[in-house]
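Peer 1: Here's a structure for you.
Taken together, the values in this text are just the output of simple stated rules run on the coordinates, not laboratory data. The shown structure was predicted, so the numbers you read here are calculated from the model rather than taken from an experiment. Positions of Cβ are backbone-derived with ideal geometry, glycine not excepted, and every protein chain shown enters the neighbour counts.
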Amino acid sequence: MHEVSKVYPNGTEALKALDLTIYPGEHVVILGHNGSGKSTLFRCLTGFENITSGFLEIDGKNPSQLKKRKERSAFRRNIGLVFQHYHLTQNLSVLQNVLFGALGRQSFRKVCAPIASLALRNEAMEALERVGMESVAGNGADELSGGQKQRVAIARMIMQRPRMIMADEPIASLDPKAGKEIMDLLVSICKENQLTFISILHQTDIALQYGERIIGLNQGEVQLDKPVPFIQRSE
Ligand code: ADP
Ligand code: ADP
């Protein structure tokens, strides 16, 4: 990002001339209070929101310049998204939710066939094993606890085979124990697959524990950008 600004139609300047470079394989935590611009930054990085001015490139592409549907879906497929509220489809089974992760590299018809291909099912079961949820593959997604739902959402993301993971408050709705388990899982999946990891968090202790580099936002500006070992407690 070079001098990236985001001004909403009502005049709110949510991002102010941000300069940021995040390198492949980095584990970055974006930290900040409510209203500091974290979600805005997240939506610009994932291509859900256009920037107002400046220069933004992700993996060699400017998301706002991807006009064709195919280009946009190829761009999005590379980014595994994790949300605070999981975004599972409630009236489908756990396995069906995970199969949805293959959309974008498999046709809708294949993913949603009454009996998905054996290869795809096996792959989805492996993803569920990776997150420790294989025993509930046949359960309804609405029968799970928050931590279990986030695990299923992560299995769905594994099916996507992304190059980077972007997480917006992935543990904000979980108790501390479940939250740490989810952070452990995300970080180890990123390490195993050499994925870039960008996570928005608001808990300083978790950020210091799991991030390798912290970017602190304040009122739309970068107030801090340091590798974790060089951060003083007072910052
Ligand atoms: P955070 O995620 O850190 O809480 P946000 O990115 O949601 O911060 O918000 C940054 C600023 O932009 C806040 O002042 C917020 O009120 C404003 N904002 C966020 N979304 C919109 C929007 N759609 N329209 C107008 N202002 C917005
Ligand atoms: P919140 O942080 O408000 O609890 P989520 O973590 O569920 O919400 O979602 C994070 C952000 O991503 C929200 O601004 C939401 O509007 C956006 N978002 C979630 N799912 C999608 C989607 N499928 N397409 C586009 N934007 C999405």
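Peer 1: Cα extents of the stretch 1-127 along the three principal axes, largest first, in whole Å?
Peer 2: Per principal axis, max minus min of the Cα coordinates gives 50, 32, 31 Å.
Peer 1: Follow-up. Could you pull the Rg and Dmax for the stretch 157-210, using just the Cα atoms, both in Å?
Peer 2: For the stretch 157-210, the Cα-based Rg and Dmax read 11.0, 31 Å.
Peer 1: Tabulate in residue order the Karplus-calculated ³J(HN,Hα) for the stretch 3-11, using 6.51 cos²θ - 1.76 cosθ + 1.60 with θ = phi - 60°, rounded to whole Hz; enter x for Gly and Pro.
Peer 2: Karplus-based 3J(HN,Hα) across the stretch 3-11 equals 6, 7, 10, 9, 10, 6, x, 7, x Hz.
Peer 1: Further question: Taking 27 Å as the cut-off for C-alpha to C-alpha distance, list the pairs among Lys38/Lys191; Lys61/Lys191; Lys180/Lys226; Lys68/Lys149; Lys68/Lys110 that go past it.
Peer 2: Working: Lys38/Lys191 24 Å; Lys61/Lys191 24 Å; Lys180/Lys226 22 Å; Lys68/Lys149 33 Å; Lys68/Lys110 23 Å.
Correct reply: Lys68/Lys149.
Peer 1: Using +1 on the beta carbon of Lys and Arg, -1 on that of Asp and Glu, and nothing else charged, what's the dipole of the chain about the Cα centre, debye to 20?
Peer 2: Details: 28 positive and 25 negative charges, 204 e Å.
In debye, rounded to 20, the chain gives about 980.
Peer 1: Okay, next question. Starting from the eigenvalues of the Cα gyration tensor, five times each then square-rooted, give me the equivalent ellipsoid semi-axes of the stretch 1-64, largest first, whole Å.
Peer 2: Numbers: eigenvalues 69, 44, 20 Å².
One finds semi-axes of 19, 15, 10 Å for the stretch 1-64.
Peer 1: What is the chain's relative contact order, in percent, from Cα pairs under 8 angstrom and six or more apart in sequence?
Peer 2: Numbers: 417 pairs, mean separation 68.2, N = 235.
Computed over the chain, the figure is 29 percent.
Peer 1: Then there's this: Could you work out how far apart the two model spin labels at Thr89 and Asp19 are, taking each label as a point 7 Å from the Cα in the direction of the beta carbon, and quote it in nm?
Peer 2: Computed distance between label sites Thr89 and Asp19 equals 4.6 nm.
Peer 1: First measure r as the distance between the Cβ atoms of Glu26 and Lys61, then evaluate 1/(1 + (r/R0)^6) with R0 = 22 Å and state the FRET efficiency to the nearest 0.05. List each step's numbers first, then the result.
Peer 2: Values: r = 18 Å, r/R0 = 0.83.
E between Glu26 and Lys61, to the nearest 0.05, is 0.75.
Peer 1: Could you tally the net charge around Arg43, taking each other residue with its Cβ under 14 Å from the Cβ of Arg43, Lys/Arg +1 and Asp/Glu -1?
Peer 2: On the way: positive: Lys6, Lys38, Arg76; negative: Glu49, Asp168, Glu169.
Value of the local net charge: 0.
Peer 1: For Arg72 and Glu143, compute 0.36 nm times the residue count separating them, minus their Cα-Cα distance, and round to one decimal in nm. Provide the component values of the computation, followed by the final result.
Peer 2: Values: separation 71, 0.36 × 71 = 25.56 nm, distance 3.32 nm.
That works out to 22.2 nm of additional length.
Peer 1: I'm a student and want to see the number: the projected area of the Cα convex hull of the stretch 95-235, averaged over all directions, in nm². Intermediate values should be presented prior to the final figure.
Peer 2: On the way: hull surface 39.7 nm².
Approximately 9.9 nm², given one-decimal rounding.
Peer 1: Something else: Is the shape of the stretch 91-171 best called rounded, prolate or oblate, per the rule: a/c under 1.5 gives rounded, else a/b larger than b/c gives prolate, else oblate, with a ≥ b ≥ c the square roots of the Cα gyration tensor eigenvalues?
Peer 2: On the way: a/c = 1.72, a/b = 1.19, b/c = 1.44.
Judged from the Cα gyration tensor, the stretch 91-171 comes out oblate (a/c at least 1.5, b/c at or above a/b).
Peer 1: Mind checking which aspartates and glutamates have their Cα closer than 19 Å to the Cα of Lys6? Skip sequence neighbours fewer than 8 apart in that chain.
Peer 2: Of all the aspartates and glutamates, those that pass the test against Lys6 - Cα under 19 Å, at least 8 places apart if same chain - are Asp19, Glu49, Glu57, Asp168, Glu221.
Peer 1: With angles folded into 0 to 90 degrees, how steeply does helix 118-130 sit against the dominant principal axis of the chain? Use alpha carbons for both and round to 10.
Peer 2: Approximately 50 degrees, to the nearest ten.
Peer 1: Residue farthest toward the positive end of the dipole of the stretch 1-144, with Cβ of Lys/Arg at +1 and Asp/Glu at -1: which of Leu128, Gly138, Ile79?
Peer 2: It is Ile79, whose Cα lies furthest towards the positive end.
Peer 1: Percent of alpha carbon pairs in the chain separated by more than 29 Å?
Peer 2: Taking all Cα-Cα pairs of the chain, the fraction more than 29 Å apart is 30 percent.
Peer 1: Arranged from highest to lowest average of other beta-carbon atoms within 10 Å per residue, in what order do the peptides 161-169, 45-53, 178-186 appear? Present the calculation step by step, with values, prior to reporting the outcome.
Peer 2: Working: 161-169: 20.3, 45-53: 16.7, 178-186: 18.8.
The most tightly packed comes first, giving 161-169, 178-186, 45-53.
Peer 1: Tell me the angle of helix 146-160 to the major Cα principal axis of the chain, expressed in degrees between 0 and 90 and rounded to the nearest ten.
Peer 2: 90 degrees
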